[in-house]
Amino acid sequence: EEQDSLSVTEWMKKQNVPDRVNDEVFIAMSKALNFCDPDELSMTVVLTALNRFLQERHGSKMAFLDGPPNERLCQPMVDYVEARGGQVLMNQRIKEFSLAEDNKSVQKLVLTDGTEVEGDAYISTVPVDILKLLLPDPWKGMQYFQSFDSLEGIPVINIHIWFDKKLSTVDHLLFSRSPLLSVYADMSTTCKGYADDKSMLELVFAPAKEWIGRSDQDIIDVTMEELEKLFPDEIRAAEAQQEGPSKYAKIKKYHVVKTPRSVYKAVAGTGDIRPTQKTPIDNFFLAGCFTKQKYLASMEGALFSGKLAAEQVTLAHQRKTIAAKEREIINN
Ligand SMILES: Cc1cc2nc3c(=O)[nH]c(=O)nc-3n(C[C@H](O)[C@H](O)[C@H](O)COP(=O)(O)OP(=O)(O)OC[C@H]3O[C@@H](n4cnc5c(N)ncnc54)[C@H](O)[C@@H]3O)c2cc1C
């Protein structure tokens, strides 16, 4: 944490690490970890990642889902919840955390269609930028919630391109040092569910601040110029979107997904300001990758924060800080 005041580039300079190490390793690593360049990223993030890689047996392991996330990740979780008597409401958004009269606990959730949901304890997992919009007025002056002001999602673009040929690639996630591209993979090779004799690249485009407002076509054009450098014998940007036969790969279709506020931005000097899962509100807890946990802004971090939040709910139940009437319901 003490290294947080320095960006990755500043830290490398201080340690007399040659510039080429920054260019060859840390541009790719910074963009993969937080969608920004090493001159912005807090050194704490890189040290945390390296620490996990070195200390945990499978810390540096990378893996792909074997099919679409909806089927292979989300549906099994829904099945798990439903098999235990739970209910998952789809296409429903929370409009308001409605408070009890004393403003000290949540009484119910109000959804955008007007439905009301009551619970014993409430765990919010909405991203931090949405949570800031949902905060009830009486909470806004509390120090715990005020610290959210400095947490802000970073813009990023995700691109899917289907080609008419198989590109030469490897069965792994690849880290690019391109000024615009970050990690990418040929899903037709890495992911069993998308196996094909024609390539489908999924790419992270970052840093995206200057590009998030541009048209999809502009983004694809500049992406193809970068891909030409990565696949010099297989891609010609000028030919990729033209009609007619070519020895180079052509785009069959593409999809550009813009996320103006994705995971929280960990810039140097902001410190670890992530909130704990326990909040000053007795029956309201937080989870999500932006909350305090030992992994960075990642799926592992999000999952782990959920476990920490569940632990806090259990502790609150044991300490009887969840209302007595509601405890009875839990016990039953
Ligand atoms: C382009 C991109 C690539 C990434 N690649 C990787 C990777 O390779 N590996 C990795 O580990 N991580 C990766 N990440 C990071 C990872 O996606 C996040 O860290 C993780 O999804 C965070 O999970 P979360 O549950 O905290 O938040 P989210 O996944 O953002 O989930 C928040 C949920 O809240 C819902 N929501 C929003 N508003 C409301 C509302 N009003 N009411 C109810 N629900 C609401 C949203 O619909 C969403 O489902 C990537 C992120 C991006 C953007």
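So here's what we get for this one:
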{"item": "Total formal charge among the other residues, if their Cβ is under 9 angstrom from that of Pro179, Lys/Arg +1 and Asp/Glu -1", "result": "-1"}
{"item": "Lysine pairs within the stretch 1-126, Cα separation less than 25 Å, 8 or more sequence positions apart or different chains", "result": "5"}
{"item": "Nitroxide proxy distance, nm - points 7 Å out along Cα→Cβ at Lys95 and Gln241", "result": "4.1"}
{"item": "Local electrostatic count, Thr190, Cβ distance below 10 Å [Lys/Arg +1, Asp/Glu -1]", "result": "-3"}
{"item": "Extension gain from Lys140 to His317, taking 0.36 nm per residue of separation minus the Cα-Cα distance", "result": "61.2 nm"}
{"item": "Amide H partners (placed H, <5 Å) of Glu96, local residues excluded", "result": "Val110"}
{"item": "Residues His58 and Asp272, FRET efficiency given R0 of 30 Å [Cβ-Cβ distance, rounded to 0.05]", "result": "0.80"}
{"item": "Amide H partners (placed H, <5 Å) of Lys166, local residues excluded", "result": "Ser199"}
{"item": "In the stretch 216-260, trypsin sites (Lys or Arg not before Pro) in a DSSP loop with at most 15 other beta-carbon atoms within 10 Å", "result": "Lys247"}
{"item": "Neighbourhood net charge (11 Å Cβ-Cβ; Lys/Arg +1, Asp/Glu -1) for Lys258", "result": "+1"}
{"item": "Sequence ranges 185-193, 173-181, 58-66, ranked by mean other-Cβ count within 10 angstrom, highest first", "result": "185-193, 173-181, 58-66"}
{"item": "Label-point separation in nm, Asp19 to Ser5, each point 7 Å along Cα→Cβ", "result": "2.6"}
{"item": "Under Karplus coefficients 6.51, -1.76 and 1.60, residue-wise ³J(HN,Hα) of the stretch 42-49 in Hz, glycine/proline x", "result": "5, 4, 4, 5, 5, 5, 5, 5"}
{"item": "In the stretch 156-259, lysine pairs with alpha-carbon atoms under 22 angstrom apart (chain gap of 8 or more, or interchain)", "result": "26"}
{"item": "Estimated distance in nm for a label pair at Asn70 and Lys307, the labels positioned 7 Å out from Cα along Cα-to-Cβ", "result": "3.0"}
{"item": "Exposure rule at most 16 other beta-carbon atoms within 10 Å, DSSP loop GluC sites (Glu not before Pro): the chain longest free segment", "result": "244-332"}
{"item": "Residues in the stretch 74-102 that a label on Glu118 would reach, taking backbone N under 17 Å of a point 7 Å out along Cα→Cβ", "result": "97-102"}
{"item": "Calculated FRET value between Lys292 and Ser215, using beta carbons and R₀ = 51 Å, to 0.05", "result": "0.85"}
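Every number here is computed from the coordinates shown, using simple stated rules; none is lab data. It should be emphasised that the depicted structure is a prediction, and the values quoted were computed from it without experimental measurement. Backbone-built Cβ (ideal geometry, glycine too); neighbour counts: all protein chains shown.
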